[in-house]
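Novice: Here it is, the structure, as structure tokens.
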């Protein structure tokens, strides 16, 4: 490379002849002539060899790729008995693989105002204490408006359908309108294998929106919310401590309102909090009636007068033992009704294996037990003076002839 550059300099700038250049640089005249006539620097190119190691295994590799187009190069090398360098083998496999496994390009999307909100769960790690003080990793529901890049997020107690729908409804109210589509991956609480979980279709019907689920292993389709998760992980989380899930949400909402949604987005050049007005104008208004969220279960109250919800036990008024009750679990409360009567109302516990007892229920249970112990015995009201008729057994002897013989 250096000789080529020097030859051209001497020939063009110094006006030396080819013979003079050859003498000065101790090169042959043919080398000098080739350098002067070449328009580009010389480059070494390895001549293809039909007897190379790759040529000996190429047909076997192609046969495997025709049946298994995505087989890794390391596995291919094992199957064909390759003993050479891995990088050279992998380079040749990469060169011919597109003939058998065409590339799957990812289009760059242009998001229209009000068109889509992308949803996902982010797990920050075991940083938040539950009701017993044990650090747990509760899920954080993250929603990103595709056009404005406005981020709405909150920590929820679990990833069951009722909690996901309740969290979505609260965040959609924060956004202030309903997008035309909600984009989710194959989260089990939303639906899998093309079938929505119970309650999801009704939720979307009330909101007049459409829920779209991405194909499995296709993170590019919801790249906006995936990047938002990474932004939360690197910019919100470091250096923070939390005393409870409520404290986590309070810090998160303050950070979103003051920093994340007030910055100028690097890609769009817009401030999300300001661009949200354009997004909202193209969305559908919030429904006049709230959709059904949370978890609803019907059961018969047992003698222990407790019901289980989310892995925790909550007391119910013991006067309805043996009767059917309906238990409603929202993000913050656990209530139970028997007909039109409210028979339990508790703050929901975060975590599991918890026990919540209302003192009123405990006192009522003690009163009922006392009544049970002091109740009259069965049949105690009957008089002991009642005469009971006694059958005359001689009638049987006379009838069947079994009496004594004189």
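Novice: Can you give me the number of residues within segment 151-178 that are assigned to a loop (DSSP other than H, G, I, E, B), over 18 Å from residue 252 (Cα atoms) and touching a helix residue (DSSP H, G or I) at 6+ places or on another chain (Cβ under 8 Å)?
Specialist: 2
Novice: Return the only residue of 10, 65 being in contact with a helix residue (DSSP H, G or I) (Cβ under 8 Å, 6 or more places away or on another chain), modelled with pLDDT of 80 or more and within 30 Å of residue 99 (Cβ to Cβ).
Specialist: 65
Residue by residue, here is whether (1) farther than 18 Å from residue 114 by Cα; (2) at pLDDT 95 or above; (3) surrounded by 19 or more Cβ atoms within 10 Å (Cβ to Cβ) holds:
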| site | (1), (2), (3) |
| --- | --- |
| 244 | yes, yes, no |
| 277 | no, yes, no |
| 281 | no, yes, no |
| 300 | yes, yes, no |
| 315 | yes, yes, yes |
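Novice: Name every residue in segment 244-272 that is touching a strand residue (DSSP E or B) at 6+ places or on another chain (Cβ under 7 Å) and not in a helix (DSSP H, G or I), in order of residue number.
Specialist: 244, 261
Novice: May I pose another question? Residue check, residue 73 against (1) in contact with a helix residue (DSSP H, G or I) (Cβ under 6 Å, 6 or more places away or on another chain); (2) at pLDDT 90 or above; (3) more than 30 Å from residue 221 (Cα to Cα), all met but one. Which one?
Specialist: Condition not satisfied by residue 73: (3).
Novice: With respect to the numbered conditions (1) surrounded by 15 or more Cβ atoms within 10 Å (Cβ to Cβ); (2) farther than 19 Å from residue 171 by Cβ, which one is the sole condition not fulfilled by residue 236?
Specialist: (2)
The values are calculated or read from the model by the stated rules, or taken from the named source; none is laboratory data. The shown structure was predicted, so the numbers you read here are calculated from the model rather than taken from an experiment. Cβ coordinates were reconstructed from backbone atoms using ideal geometry, including for glycine residues, and neighbour counts include every protein chain displayed.
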